Amino acid sequence: SQQGEEDPQALSIQEGENATMNCSYKTSINNLQWYRQNSGRGLVHLILIRSNEREKHSGRLRVTLDTSKKSSSLLITASRAADTASYFCATASGAGSYQLTFGKGTKLSVIP
Amino acid sequence: GAVVSQHPSWVICKSGTSVKIECRSLDFQATTMFWYRQFPKQSLMLMATSNEGSKATYEQGVEKDKFLINHASLTLSTLTVTSAHPEDSSFYICSARPGGEGQPQHFGDGTRLSIL
């Protein structure tokens, strides 16, 4: 069953603008991960944030995690047309934290 | 690093055919591999977790006799869709996970299966 719920479902912005996507989940987690999927391709791992972390950065990506609200956000700064893709959050819970439960994803379109 | 190769990328075949999809971790050993199914414009649904040298663990509602999984080595897992029918048409994606706590899954590029 799906745990994460991303919003918005679709987001269209101009190149250079920032894009923010949100993810909410229901159960306690060990870590939360964000992935990107280009159309018809597999997923690319972007960033992993552990349950005891509140914020993490990687290049133009910034991820926050609020375990009290069971939510996370992904911010992409200075967006580029090449950022156009679907973005999924996935949560890892339980012993071993091996299995991931994916949200429904946000489809981001960056207009040149 | 952490490259996962999935083959074939596209299969079109007749109803009743069995189709094998391979998933290889090219530069790391993966004790655990995962098989997902994705319908158009939807998220990934976990089908099964494949552990090297042991039987796969299937998610509820996934027929183990229909979707045969073999994980014979630390770098290779295969999914065989037996006697495929049009309703099995979908995008199948595998992932592999290196050992250690908090490791991400690394995904193959997926296989689009079309059953006529």
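Read-outs: derived from the displayed coordinates by stated rules, not from any lab. All values derive from a computational prediction rather than experimental measurement. Quick reminder, even Gly has a Cβ in these numbers, built from the backbone with ideal geometry, and neighbours come from all protein chains shown.
Greater than 22 Å separation of Cα atoms is the criterion. Which listed pairs, B:K20/B:K66; A:K104/B:K64; B:K41/B:K66, meet it?
A:K104/B:K64; B:K41/B:K66
Is there a quick way to get the dipole size of the protein assembly as shown? I mean about its Cα centre, with the Cβ of Lys and Arg at +1 and of Asp and Glu at -1; what is the value in debye to the nearest 20?
It works out to roughly 40 debye.
Take the alpha-carbon centre of the range A:17-84, take the same for the range B:1-46, and report the distance between them in whole Å.
The distance from the Cα centre of the range A:17-84 to that of the range B:1-46 comes to 24 Å.
Please compute the modelled spin-label separation between A:N38 and B:T57, points set 7 Å along Cα→Cβ, answer in nm with one decimal.
Between B:T57 and A:N38, the simple spin-label model gives 3.4 nm.
With the dipole of chain B worked out from charges on the C-beta (+1 for Lys and Arg, -1 for Asp and Glu) around the Cα centre, which of B:G108, B:N51, B:F28 lies farthest toward the positive end?
Of the options given, the answer is B:G108.
Across every pair of different alpha-carbon atoms, what Kirkwood hydrodynamic radius in Å does chain B reach?
The Cα-based Kirkwood calculation yields 14.1 Å.
A:K70: which aspartates and glutamates have alpha carbons under 19 Å from its alpha carbon, excluding same-chain residues fewer than 8 sequence positions away?
Within reach: A:E5, A:E6, A:D7, A:E53, A:E55.
For chain B, with only Lys/Arg (+1) and Asp/Glu (-1) charged at the beta-carbon, what is the dipole magnitude about the Cα centre, in debye rounded to 20?
Value, rounded to 20: 200 debye.
I need A:E17, B:E59 ordered by Cβ neighbour count within 10 Å, fewest first.
Exposure proxy ranking, most exposed first: A:E17, B:E59.
Using Cβ contacts closer than 10 Å as the measure, can you line up A:T67, B:T111 from fewest to most?
A:T67, B:T111
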